[in-house]
Structures are given as structure tokens and as C-alpha cells.
1. Among the residues that make up region 338-353, is at least one of them more than 24 Å from THR288 (Cα to Cα) and within 18 Å of the chain's Cα centre (by Cα)?
2. Looking only at region 210-230, count how many residues are more than 17 Å from ASN169 (Cβ to Cβ) and of a type in the set (Lys, Arg).
3. Specify the residue that is farthest from GLN115 (Cα to Cα); the eligible residues are those in region 300-343 that are among the aliphatic types (A, V, I, L, M) and assigned to a loop (DSSP other than H, G, I, E, B).
4. In region 18-39, which residues are open to solvent by 30 Å² or more (accessible area, probe 1.4 Å) and small (Gly, Ala, Ser)?
5. Which count do you get for residues in region 96-134 that are closer than 17 Å to ILE41 by Cα and among the β-branched types (Val, Ile, Thr)?
6. From the list PHE18, PHE77, which residue is in contact with a His (Cβ under 8 Å, 6 or more places away or on another chain) and among the aromatic types (Phe, Trp, Tyr)?
7. Report every pair of residues separated by at least 6 positions or lying on different chains whose Cβ atoms are under 9 Å apart, first residue within region 85-110 and farther than 19 Å from GLU15 by Cα and β-branched (Val, Ile, Thr), second open to solvent by 10 Å² or more (accessible area, probe 1.4 Å) and assigned to a helix (DSSP H, G or I).
8. Which residues, counting only those in region 284-304, are without any contact (Cβ under 8 Å) to a residue 60 or more places away in the chain and open to solvent by 50 Å² or more (accessible area, probe 1.4 Å)?
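The values are calculated or read from the model by the stated rules, or taken from the named source; none is laboratory data. Remember, predicted model here, so these are calculated numbers, not experimental data. Neighbour counts are summed over all protein chains in view; Cβ atoms, including those assigned to glycine, are modelled from backbone coordinates with ideal geometry. Each accessible area value is taken on the protein alone, full model and side chains, heavy atoms only, with ligands, DNA and RNA left out. Shrake-Rupley method; radii C 1.70, N 1.55, O 1.52, S 1.80 Å.
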Amino acid sequence: MDSIELRHIIHQNPELSFQEYKTQELLKKAIEEIGVKVYPIVQTGLIVPIKRTDVPYILLRADMDALPIREKTGWKFSSKNNYMHACGHDVHMAIMYEVMKAIYKWTGNFIFVFQPAEESGGGASRVIEEIKDKYEICCAIAVHVTDEYPFGTVATNSGVIFASATEINLTFNGKAAHIAFYKDGIDAIKTGVDFLQQFYSVEFEDKVLAGFGKVFGGNARNIVADEFQLQGTIRADSIEKSNTVYEKIYEIARNASERTGSNFSLEKGSFYAPVKVDKRMFDIFSSTVGQSDFKLERCEMKYTGEDFGFFSYEYPSLIFWAGTMEKARHGLHNPMFLPNDKVIKPIANLIVSYVKSIMKENAH
């Protein structure tokens, strides 16, 4: 199957985290057509180990899941359901499929991972748990398309390039009472407002972002609210900084609760480790790009979450942004985000050259 045709089929049939059954089936069929064995992993993912010699494996990862977004591109290969590959994972899968077709007969060892549940933050860590004791892996590679950069530009850097991301849910519990008897109740919304005033007066250290994007509570306009919830996120360039912010939020919430006599709970949701690019991996990539038609931009850390961070903590790793912008920029997770098919093969060819460079360096 041609990689562009594969992209079209996958794009029309997007599936959410840990629901990627049709995507798994499509990939399996396409990969088996080229004569390579495929194995399921963590329920809806696939792993493709290719062993030709006795050296450690090079791991190449593509994420599989889509988002609960209704597509508005009007493309003839648009999604057939209410979900969408609005983060480019369909392109990632097509790129790595193209890479596989180019290198599967090389004298080397490769593991292609088609990973489920990147968007929910649960896929990468589960994949690693299944493979880390089975395969000796020397390094890991991934790509992320974006229309932040024009087509022909790739962007990455050594060090942390994706922030740690921690979802948090903070709930204040008070006591309901009719508004006419306000003093008989404990106002959870008042406690939440007190918390927010204190929280937004705190200055966090460099490369830290924290905030609440959704708040809700109460049952009726004339009843003292007995519950108020705040949903937010912490982004930072290290897990340690994220934990410090979490502890500060806990302290502010406790103080606000004590002032009003309410109770509170603070819980963590999905978590993404920061993505670290290995310096040696970056240097080899920089040299590879220098011999290609692509332009390399050394980018700053993005506050985007990306669960490839779990791979980067386990193995020397590199992930890079591949620019797709031509005329208009819509941004990731947007119902209009649609990379052109023409980006697939050039980006795949760059990764193939990069893999060749790594193998050459490892042989020295």
C-alpha cells in the first residue's frame, strides 16, 4: 500500500485513545503486505520488531489516536465520524510506514512502535513497560507535524523541548443552605474565589505555567453552593518544578478552606513527562539535516504536552517538529488542521537518512 493512500484511509476513520481497533487493523494489513511480522501491544497498538543482526534496536514511534473534534476542512478524505486527526497522528503513522518500507531489509535492528493513547497520556508508559525488558534499545526517534513552521523547516534542540504536563482537579466542598439563611451554609464558591485570588498572586519560577481553564459548581441560583470544582494544568521544564507547584496549590487550597470552614481535595489527572532530546542524537540530526533540502531551526521549549517524554527518559531520544504550513496556519487540535499529503515522503526520507547516520555513528 502507498503511504499516502494509507493516510487517507486512517484520516477518514479516526479513533480515540485505546479505541484504535480499526486503525490497528489497517496498519497490520498494510505492514504484513510488505512481508514484516506485526504484534499487538497495549490493547490497540502495534509493535514491529525487525532483527537482522546482533546490535541494539533503533526504535521509531508514531502515535495513533485522534481527538473528539468534528472536522471542518471539507477535504474529500475527511473524517467519517465525529472525531478527527487534528494533531497529525495520521501523518505520523504514514511517515513511519514509509520509513519502514525503506529500511526493513537493511542490516540493522529496528522496532517500529505504533502507539495508542498519546492524547490521554497513558499509551507511552504502558508500551515501555511491555518492551523494556524484552529488547535492547539504543535510541528512540519520533516526529510531530505542525503548521507553526513552513514546509521545509524542521525544528528541535538538545535538552527539554516539550514541557512536563500535569492535569489537576481541585474540589472545594461546603454546606448547602437557602440563600435567605446564608450563614447556615458554607459557600464552596466563595472558598474557590478566595483560592483563585491567592493563586493568581503567586509568581512561579522560570519555565513554569499553571492555571485553571474550567470551573463549575452550585446547584441553584438561590442555594449556597456545597461544591465548586476547578480543572487546570501545570506545565514546567522538569517534574521537580511541577511537583513544587502542585504542593503550592495544595497549600493555598488548604489555607482557603480553613478560612471558610470548608473541605477540599486535590487530585492529579493525566501526566506527561518532559521530552528531553539527547545531545548526541541532536548533533547527528543536525548534521543529517545539513545534508538535506530541509532547514533546521533550534527551537525553544514548547509548553505542549507529548508523552514521547516517557521514551526520552528510558532511551537517548530525538523528536523534531516537521513544518507543514503553506498558506494559512490553524494550529494543532483545530478542526481545520490538515497537513498536505506531499509532506509525508520528504519527511520520511529525512528520517531514513537520519537512521543511516545513527547506524554509521554507532558502528564507529
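1. Start the filter on region 338-353 by keeping residues that are more than 24 Å from THR288 (Cα to Cα), which leaves 338.
After this cut, where a residue has to be within 18 Å of the chain's Cα centre (by Cα) as well, the list is 338.
Within region 338-353 (the criterion being more than 24 Å from THR288 (Cα to Cα) and within 18 Å of the chain's Cα centre (by Cα)), the answer is yes, since at least one residue qualifies.
2. Number of matching residues: 1.
3. Going residue by residue through region 300-343, those that are among the aliphatic types (A, V, I, L, M) are 301, 318-319, 322, 325, 328, 332, 336, 338, 343.
From what is left, the residues that are assigned to a loop (DSSP other than H, G, I, E, B) are 301, 328, 332, 336, 338.
Working: MET301: 23, ALA328: 29, LEU332: 19, MET336: 24, LEU338: 21 Å.
Among them, the one singled out is ALA328.
4. Within region 18-39, GLY35 is the sole residue that qualifies.
5. Going through region 96-134 one residue at a time, the tally reaches 5.
6. Working: PHE18 fails: in contact with a His (Cβ under 8 Å, 6 or more places away or on another chain).
Only one candidate passes the filter, namely PHE77.
7. Pairs that qualify, where the first residue is farther than 19 Å from GLU15 by Cα and β-branched (Val, Ile, Thr) and the partner is open to solvent by 10 Å² or more (accessible area, probe 1.4 Å) and assigned to a helix (DSSP H, G or I), are VAL99/ASN349; VAL99/VAL352; ILE103/VAL352; ILE103/LYS356; THR107/MET359.
8. Pass one, region 284-304, residues without any contact (Cβ under 8 Å) to a residue 60 or more places away in the chain: 286, 290.
Across region 284-304, the qualifying residue is only GLY290.
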